[in-house]
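The values are calculated or read from the model by the stated rules, or taken from the named source; none is laboratory data. As the structure is a computational prediction, the values presented were derived from the model and not from experiment. Cβ placement follows ideal geometry from the backbone for every residue including glycine, while neighbour counts extend to all protein chains displayed.
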Amino acid sequence: MLKSGVLDPQGDAVQHALGALGFNGVEQVRQGKVIDLELADMEEAAAKSAVTEMCEKLLANTVIESYTVEILL
Amino acid sequence: MKVAVVVFPGSNCDRDMAVALRAAGFEVAMVWHKEARLPERIDLVAIPGGFSFGDYLRCGAIAAKSPICQSVIAHAQRGGFVLGVCNGFQVLAETGLLPGALIRNSNLKFLCKDVDLKVQSTASSFTSGYQQDQVISLPIAHHDGNYRLDAEGVKRLQDQDRIAFTYQSNPNGSVDDIAGVLSENKRILGLMPHPERAIEPAHGGIDGQAMFQGCLNQLASA
């Protein structure tokens with residue numbers, strides 16, 4: 001996700017489109033992305049730390065983006 | 001003076017860049033992204049425009065992690081000169097060699113047109129061929145040229161005279177109209193406009209020439 005405070009032109013456009021469709025009360029739209037990783041068998045903690053490192057090194061640009069890691073078993 | 005032009009899958013301004021650099025008098029070596037290191041005795045590295053790796057993940061993100069980029073980072077850390085144009089600027093931002101990030105244009109459109117820029121700093125080799133506050137015209141061609149940097153970062157750039165160019169009429173939403181930024185040592189320039197597309201009258205303008213010529217002159221006299 002773009003960090004709060006970082007302009008999100010795509011989110012703004014989606015918000016306007018929702019308003020045009022008659023969906024009222026949408027105060028803000030922030031657009032992000034989901035990256036699904038399939039990992040070899042490992043402990044949950046090890047998986048979390050590996051994916052966090054991947055986020056820091058490549059998957060997210062932490063200058064403008066925040067990320068959360070969720071392990072689905 | 002010897003320059004390496006880095007080529008990624010999806011680069012499309014690499015040959016224009018080479019032509020512009022040769023016209024200024026540089027000796028040009030094209031370097032494929034899988035090379036582990038730059039050629040010997042390189043004075044300048046130029047990262048051209050295009051869509052490296054299809055802009056997958058984020059513009060420039062995958063190129064920034066390629067083998068050659070580790071060598072470009074090492075070159076920069078030794079005080080070497082680096083020029084990144086358009087996608088090259090995005091790559092440099094992704095490596096962290098330049099601050100900030102480039103996101104989708106505020107109007108969501110791909111912009112392809114000439115824009116007027118003001119020269120904000122002549123304190124770099126790249127901008128030494130221009131006059132302070134000179135207005136020049138260069139083409140832009142990008143979808144993700146909206147420069148984002150927090151207020152503290154922008155202030156740092158201002159205080160250190162590191163804003164190279166600003167847009168006269170902001171086309172893409174960039175903070176403070178910023179079109180190009182310099183590293184702290186002024187040896188790295190990233191900019192969204194294309195100087196290599198404005199080097200002969202048939203291009204519709206020659207305002208890009210002074211960047212390559214100024215750079216060569218300064219490097220040759222250093």
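Can you tell me which residue is farthest from B:R58 (Cα to Cα) among those in the stretch B:121-151 that are within 14 Å of chain A (Cβ to nearest Cβ) and of a type outside the set (A, V, I, L, M)?
Here is the first cut: in the stretch B:121-151, the residues within 14 Å of chain A (Cβ to nearest Cβ) are B:142-151.
Cutting the leftovers down to of a type outside the set (A, V, I, L, M) gives us B:142-148, B:150.
Numbers: B:H142: 14, B:H143: 12, B:D144: 10, B:G145: 12, B:N146: 13, B:Y147: 14, B:R148: 14, B:D150: 19 Å.
This residue is B:D150.
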Discussion item. All but one of (1) free of Cβ contacts under 8 Å to residues at least 12 places away in the same chain; (2) among the polar types (S, T, N, Q); (3) part of a helix (DSSP H, G or I) hold for B:N170; state the number of the condition that does not hold.
Written reply: (3)
Worksheet item: Out of the stretch A:1-32, which residues are touching a helix residue (DSSP H, G or I) at 6+ places or on another chain (Cβ under 7 Å), aliphatic (A, V, I, L, M) and either in contact (Cβ under 8 Å) with a residue 24 or more places away in the chain or surrounded by fewer than 15 Cβ atoms within 10 Å (Cβ to Cβ) (or both)?
Response: A:V26
Worksheet item: So how many residues does the stretch B:49-95 have that are facing another protein chain (nearest Cβ under 10 Å) and farther than 24 Å from B:N170 by Cα?
Response: 5
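Does the stretch A:61-71 contain any residue that is over 27 Å from B:L108 (Cα atoms), under 19 Å from the mean Cα position of the chain (by Cα) and hydrophobic (A, V, I, L, M, F, W, C)? Step through it out loud before you land on a result.
Kept after step one, since they are over 27 Å from B:L108 (Cα atoms), are these residues of the stretch A:61-71: A:69-71.
Subsequent filtering for residues that are under 19 Å from the mean Cα position of the chain (by Cα) retains A:69-71.
If we keep only those that are hydrophobic (A, V, I, L, M, F, W, C) as well, we get A:69, A:71.
Yes, some residue in the stretch A:61-71 is over 27 Å from B:L108 (Cα atoms), under 19 Å from the mean Cα position of the chain (by Cα) and hydrophobic (A, V, I, L, M, F, W, C).
I'm trying to understand the selection: among the residues of the stretch B:173-211, which are among the β-branched types (V, I, T), assigned to a loop (DSSP other than H, G, I, E, B) and touching a residue at least 24 places away in the same chain (Cβ under 8 Å)? Break it down into steps so the answer makes sense when it comes.
Our first condition is that a residue be among the β-branched types (V, I, T); within the stretch B:173-211, this holds for B:175, B:178, B:181, B:188, B:199, B:206.
Checking the rest, the ones that are also assigned to a loop (DSSP other than H, G, I, E, B) come to B:199, B:206.
Answer for the stretch B:173-211, where residues must be among the β-branched types (V, I, T), assigned to a loop (DSSP other than H, G, I, E, B) and touching a residue at least 24 places away in the same chain (Cβ under 8 Å): just B:I199.
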Worksheet, complete the sentence: Wholly inside the stretch B:25-105, strands (runs of 3 or more DSSP E) that include 1 or more residues that are surrounded by fewer than 22 Cβ atoms within 10 Å (Cβ to Cβ) and modelled with pLDDT of 95 or more are B:27-32
Discussion item. Restricting to the stretch B:152-176, and then to whatever is away from every other protein chain (no Cβ under 14 Å), of a type outside the set (A, V, I, L, M) and within 16 Å of the chain's Cα centre (by Cα), can you tell me which residue is nearest to B:L111 (Cα to Cα)?
Written reply: B:Y167
Worksheet item: What's the number of the condition B:A141 fails, among (1) part of a loop (DSSP other than H, G, I, E, B); (2) under 30 Å from B:G54 (Cα atoms); (3) of a type outside the set (V, I, T); (4) touching a Cys at 6+ places or on another chain (Cβ under 6 Å)?
Response: (1)
Practice prompt. Those residues that are closer than 22 Å to B:I163 by Cβ and either small (G, A, S) or surrounded by fewer than 18 Cβ atoms within 10 Å (Cβ to Cβ) (or both), I need them from the stretch B:188-204; list them, please.
Written response: B:G190, B:A198
Worksheet item: Quick one: in the stretch A:16-55, which of the residues that are assigned to a helix (DSSP H, G or I) and within 12 Å of chain B (Cβ to nearest Cβ) is nearest to the chain's Cα centre (by Cα)?
Response: A:C55
